[in-house]
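Right, one structure below, let's go through it.
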Amino acid sequence: LGRQSVDLKSDEVAKLIDGKVVLVTGAGGSIGSELCRQVCAYNPQRVLLVEQAEGSLFIIESELNQLGYQHRIVPLVADILDQPRMTAILKLYAPQIIFHAAAHKHVFLMERQPGEAVKNNTTGTRRLAELAIAHGVEAMVFISTDKAINPTNAMGATKRLAELHLQSLHARREAEAPGEHGRGRATAGGEKTRFIAVRFGNVLGSSGSVIPIFKRQIAEGGPITVTHPDVTRYFMTIPEAVGLVLHTA
């Protein structure tokens, strides 16, 4: 990485997670699985691992079992677009915090099939947010991307659309029932749902990261397919990215 990793553990995060039921979507992915590792270390009551790919879910479940968290985790094969399944999960387990990491994020693939990016990244986030309101979730943290800033590709645009929807939920609910200090909250049955989005960029070693591609190209003697010779890339590690997500919450 070229620098010391930043340790983002804190007492505030511990207070947020301690004794809570936490749901992580995309739990088998690079960011989702690290979220599960770090959340488990903060003494939650239960961690719900929601993942569509059963192979990825099995891997993170096995790892967490080896770490001694088998009594805290519930692996759940589920598609965030499957409304009856997600409704049943929220109704049965009543999570208080949702970390929403599930997404299609490969820029080039999504550029060629933008409908899938809209369906998963935008519609999936909207449906999950509405379920969070209906079931009195305290906070939903949406993991977005720096590509949502003035987006130039389908992946970034779908993430930006999801951000806008969460902002609109805030604004609409604020008009109905203003929250503390005038900040918008979505209310359901007396509960208040906070919607939070966090953006980050290049994560070292994450799924779809460019680094393994560069390493393979170097090993093969080149050429190295950089976007532009003058581009400077800035990286954070997966644990740093997840620490940022937890601090955002």
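The values are calculated or read from the model by the stated rules, or taken from the named source; none is laboratory data. None of these values were measured; they are calculated from a predicted model. In this analysis, Cβ positions are derived from the backbone assuming ideal geometry, glycine residues included, and neighbour counts consider all displayed protein chains. Side chains are part of the model used for accessible areas, which takes the heavy atoms of the whole protein and leaves out ligands, DNA and RNA. Shrake-Rupley method; radii C 1.70, N 1.55, O 1.52, S 1.80 Å.
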The local net charge around ILE17, scoring Lys/Arg +1 and Asp/Glu -1 for residues other than ILE17 whose Cβ lies under 14 Å from its Cβ, equals +2
Here the relative contact order (percent) of the range 11-150, from C-alpha pairs under 8 Å and at least 6 apart, is 25
Contact order relative to length for the chain, counting C-alpha pairs under 8 Å separated by 6 or more residues, stands in percent at 20
Share of accessible surface on carbon and sulfur in the chain, whole %, 1.4 Å probe and ligands ignored, is 53
Among LYS9/LYS119; LYS91/LYS147; LYS9/LYS105; LYS15/LYS119; LYS9/LYS192, the pairs whose Cα-Cα distance exceeds 32 Å are LYS9/LYS119; LYS91/LYS147; LYS15/LYS119
